[in-house]
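To start, the structure under review is shown below, and the notes come after it.
Read-outs throughout are calculated quantities, based only on the coordinates presented, and are distinct from any laboratory measurement. Quick caveat, the model's predicted, so the values are computed rather than measured. Neighbour counts run over all protein chains shown; Cβ positions are idealised from the backbone, glycine included.
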Amino acid sequence: MQSPDSHDLDIAESEQVADLKRRLVEAKETIEELRSHVSTSGERFQDDDQIASEWHWEMGPDLRITWFSAPIEASMGRPGSFYLGKKFEELGVPVGDLEKWTRQIEALTAHRAIDEFTFWRIIPDGQSRCLTLSAKPQFGSNGKFLGYRGTTRDITELLRREKDLRETEQR
């Protein structure tokens, strides 16, 4: 027969085990909720990127493109891999103001930020696309230039809708 102290100890251990099991189940549920949230957030970010016709990119210190987010192909008709390793000026001069384009290349070379530079490009299927580009230079803790991070938005549809609206209002 067990002593009274031994019986109390078994009950206490059983309660502790039950409590640990309950907390383990709660932790598993929390992990699943977090996984679901992360998955949903990631999908939401991808959806926002694609809806906005916006992509993100990075350049190294040599001003060559090192990374592009996925949505570029839908707007530009070429995969991001086409642009990797190239400088902006190697992609051809955009349609329009050569002087304005030259100033932007000079800004990149001088490691200055670019805010909402708007230009037109003709894509492989012959369509004209209006793009707006913003870029922020990146520097290491020692002040060394590391490259750029930037965003490019395809605003072609926005401009077309604004034009249609103006024409409708003029009628």
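Straight-line cross-link reach from LYS144 at under 29 Å between alpha-carbon atoms covers these lysines, not counting any fewer than eight positions away in the same chain: LYS86, LYS87, LYS100, LYS136. Across q = 0.15, 0.18, 0.28 Å⁻¹, region 117-171 modelled as identical point scatterers on its alpha-carbon atoms has Debye log10 I(q)/I(0) values of -0.62, -0.74, -1.03, in the order of the q list. Mean separation of Cα pairs under 8 Å and 6 or more residues apart, divided by the residue count, gives region 121-171 a relative contact order of 29 percent. Database remark: amide H of LYS86 closer than 5 angstrom to the amide H of ILE65 (H placed geometrically; neighbours at sequence offset of 5 or more, or on other chains; Pro and chain starts carry no H). Once the Cα-Cα distance is subtracted from the 0.36 nm per residue extended length, the THR132 to ILE11 segment shows a gain of 36.6 nm.
If the segment from ARG103 to PHE145 were pulled out straight at 0.36 nm per residue, it would be longer than the present Cα-Cα gap by 13.2 nm. The amide H of GLN138, built 1.01 Å from its N in the peptide plane, has LEU146, GLY147, TYR148, ARG149 as neighbours under 5 Å, considering only residues 5 or more places off or on other chains. A Förster radius of 30 Å combined with the Cβ-Cβ distance from GLU157 to GLU32 puts the calculated FRET efficiency at roughly 0.20.
Normalised by the number of residues in region 66-162, the average gap of Cα pairs under 8 Å and 6 or more apart makes the relative contact order 19 percent.
Take the Cα of LEU165, step 7 Å toward its Cβ, do the same at ASP62, and the gap between the two points is 4.5 nm. Were the residues from GLU89 through LEU20 laid out at 0.36 nm apart, the gain over their Cα-Cα distance would be 18.6 nm.
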